[in-house]
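Quick note: the coordinates plus some simple rules give every number you see, no bench work behind them. Please read all numbers here as calculations on a predicted model, not as lab measurements. Cβ placement follows ideal geometry from the backbone for every residue including glycine, while neighbour counts extend to all protein chains displayed.
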Amino acid sequence: MAELGQFWSDPVEIIDGMRLLPGFADSQSLFTEIQALCLQSPLRHMQTMRGYTMSVAMTNCGDLGWVSDKQGYRYSAIDPESGVPWPAMPMALSSLAHDAAQLSGFDNFKPDACLINRYVPGAQMGAHQDRNERDRTQPIVSVSLGIPARFFVMNESVQAGIRDSVQASKKSIPVDLSDGDVVVFGGAARMCSHGVRKLKSGYHPLWGEARWNLTFRCAG
Ligand SMILES: O=C(O)CCC(=O)C(=O)O
Ligand SMILES: [Mn+2]
């Protein structure tokens, strides 16, 4: 795990409440943890309420896991595929999230949920707000691993003027994320709409032709 103050370039303020910590996460040590988690609770493509299959493959660790099916989006203590609790959140992951939050002005961040997303080329995540978490005073901490991706965010003033998704995609703020980058969003940015553009092909020596994302939340 990166020690406080050791990431290779300075934090970048994307919008009020959203901060990028370039290269803050140690991709190599996370690789082993994530492989082990995915053996315990395999990645799956969840369905939306409308029956659409998500292009991003997902699993979770922690006390709660984010799930989607015909009943909608929610958190569950049980993995619906296996019928048993999600794997515990490894200390290496929770302390990374805690340290990133602290550096961004959020003390005592103790996530109880970590959504693990895997994107292959062509996968994307449409604009959405993270709104299933009970405590919105807590930030979201999002870690990027593997091949680069274009994340986008809309700040509140932009969102206020948006009436359709075509307009929304024109007015979003692009944020290019690489292996090890961490984004923390809380406070004024906590409820910002955000998403990930269709992943372009690429190859990463450790993660192969994929981009992974860990999203830490205080859900319960
Ligand atoms: O993959 C990302 O960078 C964002 C993921 C995300 O927004 C989510 O899982 O809610
Ligand atoms: Mn999100």
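Averaging the sequence gap over all C-alpha pairs within less than 8 Å and six or more residues apart, then dividing by the number of residues, gives the stretch 13-217 a relative contact order of 28 percent.
The length gained by stretching the chain between Met191 and Lys70 to full extension, at 0.36 nm per residue less their Cα-Cα distance, is 41.2 nm. Remark: the Gln129-Ser178 segment gains 15.4 nm on full extension, using 0.36 nm per residue and subtracting the alpha carbon distance. With a cut-off of 11 Å between beta carbons, the residues surrounding Ala149 carry a summed charge of +2, where Lys and Arg count +1 and Asp and Glu -1.
Over the C-alpha trace of the stretch 13-217, radius of gyration and Dmax come out as 16.0, 44 angstrom.
Arranged from highest to lowest average of other beta-carbon atoms within 10 Å per residue, in what order do the peptides 211-219, 191-199 appear? Intermediate results must be reported in sequence, preceding the final value.
Working: 211-219: 24.1, 191-199: 19.3.
Those peptides, ordered most packed to least, come out 211-219, 191-199.
Counting Lys and Arg as +1 and Asp and Glu as -1 over every other residue whose Cβ lies under 12 Å from the Cβ of Val56, the net charge comes to +4. Remark: the Ala36-Arg136 segment gains 33.0 nm on full extension, using 0.36 nm per residue and subtracting the alpha carbon distance. For the chain, the tally of Lys pairs with Cα-Cα distances below 23 Å comes to 4, considering only residues 8 or more apart or on different chains. Within the shell defined by Cβ-Cβ distances under 11 Å, the residues around Ala100 carry a net charge of -1, with Lys and Arg each +1 and Asp and Glu each -1.
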